[in-house]
Amino acid sequence: MGRSRRTLPEELLLLALDPATGTTAQPQSLDLGLAGAQLVELALAGRIAPDGDRIAVVMPRPTGDPTLDSALELLRRRGSPVRAVHWIGGPRLGLRQIYLSHLERCGMVHAVAGQMCGVLPTTRYQATDTAISRDIRARLDSAIRTGVPPDPRTAALAALAHAVGLGKHLYPGNEGRSSRSRLRDLIRHDPMGGLVAHAVMDVQNGVAAQPRRNQPATASGRQPGPVPMQPRRSGMARVAAH
């Protein structure tokens, strides 16, 4: 596979992939989260930067990752900074399947064909190296358990996991309540991750159309996001083969 570090979209998808069923949790909101994860990864790579609640391309040079470079090129073609909420809510759905196929090409998951109700063809995905998924989960668990401020990558992953509603998948039941609360609180440790996570929740809550008004700017000049909310859960869904 060649790379020692996974991108945030890859990590978010692996985090959502249920090893027992081969399906992804929160499939509808996960597309939004993957679009947001692309933005954070491009920011970490120095290709884009936040401009208030907008995203600006600061270095159009490709990263070498085809899925990220496709997003970067689309942002570049905009010609001017775009609101994060408009980008995430834009007509680029299907990222979940794009990334599942990408992970399969990279050898990180393998597809298992099947049928739903004995009729409809489906495809389940199993991780080929469970150590990678365990490491991703361990980073989140450590940040939640120790209370030590995580690195920006882990903080952004936590923010996105909360934004797409993975909290109840990762930490279910009453015994997971405090962990879900701490997962939500990790959103404050990375400004870019927080901006994107709030944009993901805004899209889900149907408030993407209007810019925020009458809110004081933060010290960085960015308008603060809303109080984090737990988005609606859509349960588990199988990925249909095309």
Worksheet, complete the sentence: Listed by chain and number, the residues whose amide H is under 5 Å from that of Thr128, excluding neighbours fewer than 5 places away on the same chain and using placed H, are Val109, His110
Item to complete: Go through the range 147-159 residue by residue and turn each phi into a ³J(HN,Hα) via Karplus (6.51, -1.76, 1.60, θ = phi - 60°); whole Hz please, and just put x for glycine and proline.
Response: x, 6, x, x, 5, x, 5, 5, 4, 5, 4, 4, 4
Worksheet entry | Cα-based Rg and Dmax for the range 1-104, where Dmax is the largest Cα-Cα distance (Å) | 13.8, 44
Worksheet item: Can you work out ³J(HN,Hα) from phi for every residue in the range 27-34, in order, using Karplus 6.51 cos²θ - 1.76 cosθ + 1.60 and θ = phi - 60°, giving whole Hz and x for Gly and Pro?
Response: x, 6, 6, 5, 4, 5, x, 5
Fill in: Long-range amide H partners of Arg83 with built H, under 5 Å
Ile55
Response to the item:
Once phi for every residue in the range 197-205 is put through the Karplus expression 6.51 cos²θ - 1.76 cosθ + 1.60 (θ = phi - 60°), the whole-Hz ³J(HN,Hα) values, with Gly and Pro written as x, are 4, 4, 5, 4, 5, 4, 4, 5, 8
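Each reported figure results from applying straightforward, stated rules to the coordinates on display, with no laboratory input. What you are looking at is a predicted structure, and each value in this text was computed from that prediction instead of being measured.
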